[in-house]
1. With each pseudo-label sitting 7 Å past Cα toward Cβ, what's the A:Asp41-B:Ile440 distance in nm, one decimal?
2. Going by Cα centres, region B:672-725 and region A:90-156 are how many Å apart?
3. Taking the beta-carbon count within 10 Å as an exposure proxy, list B:Asp669, B:Asp157, B:Asp269 from fewest neighbours to most.
4. Want the number for B:Ile692 to B:His625: 0.36 nm per residue separation, take away the alpha-carbon distance, what's left?
5. Please report the net charge: other residues with Cβ closer than 12 Å to the Cβ of A:Pro19, K and R +1, D and E -1.
6. Which percent, to the nearest 5, of DSSP beta bridges fully inside chain B are antiparallel?
7. Given all pairs of different Cα atoms, what value in angstroms does the Kirkwood hydrodynamic radius of chain B take?
8. Against the longest alpha carbon principal axis of chain B, how many degrees, from 0 to 90 and to the nearest 10, is the axis of helix B:2-18 turned?
Amino acid sequence: MKNWIPLLYAVVAFVSCKPEPLDLSVPQAPQQIVVASQLLDSSKLAIVLTRTFNATESKGITLADSSQPFPEELLVGNALVFVESNGIQIQLEEISKGVYATLILPGIIGNTYTLTVKDIEKGQDIVSQTQMFTKAILDTFSIAKTPDATNTYQLYYAFDDVGPEENWYVVNFYTQDLARDTLPKKPGDLDYIAKRLLEQRLDFDLISDKQMVNGRYSITKQFTSNQLDTFGIALTHISKGYYDFLTAQRKYNSVANKLRGEIINIPTNVQKGYGFFALQIPDAYFMTMEQ
Amino acid sequence: MKILFNAILLLLAYNIHAQNITVSGNIIDAQTGESLIGVSVSCPEELKGTLTDAFGYFSIDVPSGCLLTCSYIGYESTTIKVSRQLIMPLKITLTEKKVSIQEVVVYGNTGTTPLEKWGTGITKIDMKQANTLPVLGGERDVVKILQLMPGIKKEHDGSTGMLVRGGAGDQNLVLLDDAPVYNASHLVGIFSVFNNDAIKDVTMQKGGFTANYGGRLSSVLDIRTKDGNMHKHMVSGGVGLLSARASIEGPIIKEKASYIVSARRTYIDQMYKLVRSDLPFYFYDINAKLSYKPTAYDQFFVSGYLGKDVLDYENQKPDRIYQTDFSNRLYNRTATFRWNHNYEGQKLFQHSSLVHTQYRFNLTNRINQYEWKTTSTIHDYMAKLHYDYYINNRNHLQFGAEFTHHIFNPNQSVGSPAFTDFIANTPSNRITLNEGAVFIQNDYQPNAKLFIQYGLRLSGADAHEKLYTNWEPRAQVGYSLTSKQSVKLAYARMAQYMHLVTGASTLPSDVWYPVTDAIKPKLADQLTAGYTLQLPANCQFQAEAYYKWLEHVSEFKEGTIGFSQTDFEKDITQGQSRAYGIELLLQRKSGKWNGWVGYTLAYSKSQFDDLNNGEWFYARFDRRHDVSFVGNYALNNRITFSAVFAYASGSRFTPIIGQYLVPNGNYTDAIPLPIYGKRNGIVLSPSHRLDISVTIKGKQREKFASEWQIGVYNVYNRTQPYRIRMDVQPNGSIQYKQVGLFGCIPSVSYHFNF
């Protein structure tokens, strides 16, 4: 018995002596402007301007719960926002803090547009350039409940390539369920990860014309929804840069990358800023399941 | 008359030269019959000397009447008078000294052969002596000893991965009886696959590479296993905190054939269960060897290694909706058949080998009834032919060839449909690569002061659509300034035809890929300069500086998941690296007090067009300063105290230095996106720790020997950062924490042999 005591002591000590983690101070990047844009048609444009924030400081943002309002100090208010093309400059009006819009954008497909923002509060300027892209038409789509499964739906959609050059597209989806999600949204929880892996939620589809057959793209998808009530789908013809921007987003937010922790620098076309300035017109449809 | 006199002088000179005798033979341990590597065989009065090779062979031209002296640390020297009546090849036995003060003999260039005396970047370990040093959990590990030498760093605390002179982990050629070992680690790098009981000799080259080695850029770790006791059966083993091991060896035919089998198994999983915790991991490994010497001119060996790591994590809890399991298995196997032949001319030795090696890892994830499994494998089939020709005492010629048929299956993934939305199924993706090389090298020592080694290796790989070939010149020059000082200079070009591509993450998902028509071989040019000074009291000081240029080094492109890649060619990017530094070593090799102090100042940086905006960045393992203090004190013949203090600058990582929100596609949510800082731009806290141990030998008995080793690893419980943890706070902010792996770990182990 006496001979086992030192061994037992060693065992206990082995599993109990865990050193405390050390803090690490990481200098944070200076605050910069983030651009998001949405074109409803060739003349109606909205720009949302926000600010970057420190990764290590709280700004009242709970990333796990999107029901909270956007923190006001991250919105860029009182900025001078201009869009210029072919010598014509339009100033966007601030319709609420951080949101700037115009209804009279001279939208011409193929033209180059320059966005200029002068942030008077912080003394920062940003510039970005993009082209206005041809609108793609979502000519076919359907959605139906899968007969054998309770919460599974089948979606089909198809569209034609807009032209012979290289093209890229994004298809966004909107779903609203009658029933609430049974699991709380905790990104680190194992059950949440498993649920995300197994339940085929709609995200967005990124498509290049290399995936097309004879200039046409079609796909049938299944997805899970808790008593689907409202469904929306929008097809947008996008630039290569925006395609890369969305691809990087997807990779960063994937479950596999959350496990791996790989570095993914998100591309941007905003000089001295982040986000993406894009002039791309969606072809969008919404319906209720009764329809 | 004058002409006649000169003619007689010439004739006498010819006769004197002609009276040189080529003495060759094999030197073995008198008790075990094991061949002894690195025994000094010299004729002091003629200032001629050589060392036995990896199989205990030697050949030397000396005049008749010379007193040939054979000496080896820890053994009684023996002297043989050379005459024409000696029957070659000789079989010389050396007897171990009965009383020897414990010493660690980790020496750089202390041998009397030219290469070991003047060559650069050579480190040898004496297995008998290295077992006194305190190591993690009391588990004796030769790689942990090597990591205490200048120029050889570890990836993180407790890791057995080696980063040599700025090179990544895949740039080390690790050979176990000629067989390459692709993963030399158990338990994500905490233990090496090498069982000390089975090992006879460890030699590492990190610069000034000889032409017979190739295929990797940064180092060659050549490990030879024991042959087995040729005289009697013996059992040895040990029990420690983390593992138990046993070894049995003995003669099959006395003096002619022997066997040795060594096995080891860890029981970490069982120890954790004792304290009601959970670490479902274990490993085991087995080394085995058969040796046969049918004639005085021939030796045959068959040796093999088998190792397996098992991690099975089950998260089966009744309150969970999803039952999740994760399992990771690593398999390592090697097999070597070798024939050594001494041609009757006695100056020509042939070493030929047939080798098979296999490495495989499996990752399996299960969620309820859904499963996803990924597998990566490598098989090698290799043939090697190597000749040593001792032309005369000034010239030692080596030449040979080798061929390897590699079979890679880098990533085979099969999963239930639920998983394949984000990780596509990839069928078996079998890729073969044929790699070969021829080499020739001469060691030329015109006098006692100067040594020149020059060689050339021509290597190539057939990647089916492309044939790569590379000339790899090698050269070393050593010069004795005085009897106590020498300087040396070396250059080597190395080529590597496969890549182990790692991501930024520390998760074990590294996969080996061959070169293809798109992925080029890695190349390295290394220049080394060194200085050695012999000091009083058996001390030695060495300094070496190196500069290394590396081309076509590989990394994954950003966002690559690694083990789930379906088309690795598109996801690998190649760039360039530079590594340079200075290594200092002061050591005392024997005596009651012995040990060494080592210091390394090293830089390593890389540039890839696809990473870090094409700018140069420091490597993740660029740990600028590395210091080791190693000391042994032999209180008496039974008790030895040992201590190790190791300091290393922190490794590097890429932080998130900001965030921003963008709307999702339908403007119903905001998605957080990161802003990364400069790649590897942040240096973690330095690691430093103190380890102590005492080795107590049991009472001397004729047939049974034992010893206890009691130690403490990381005495003051310092955190040795090995990874970064991002703690997301309830308010959404992120806090970085540097997490350590091991704290203060006491250990006790018992070793025996009979």
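1. 8.3
2. Using only Cα atoms to place each centre, the spacing works out to 55 Å.
3. Numbers: B:Asp669 12, B:Asp157 21, B:Asp269 15.
Lowest count first: B:Asp669, B:Asp269, B:Asp157.
4. Numbers: separation 67, 0.36 × 67 = 24.12 nm, distance 2.24 nm.
This chain segment gains 21.9 nm when fully extended.
5. Details: positive: A:Lys18, B:Arg689, B:Arg718, B:Lys737; negative: A:Glu20, B:Asp157.
Around A:Pro19, the charge tally is +2.
6. Numbers: 324 of 334 bridges.
DSSP beta bridges in chain B are roughly 95 percent antiparallel.
7. On the way: mean 1/r = 0.0360 Å⁻¹.
Radius from the Kirkwood sum: 27.8 Å.
8. It is inclined by approximately 50 degrees.
Laboratory data are not the source of any read-out in this text; all were calculated from the coordinates shown. Given the structure is predicted, the values throughout are model-derived calculations rather than measurements. Don't worry about glycine lacking a Cβ; one is built from the backbone with ideal geometry, like all the others, and counts go over all protein chains shown.
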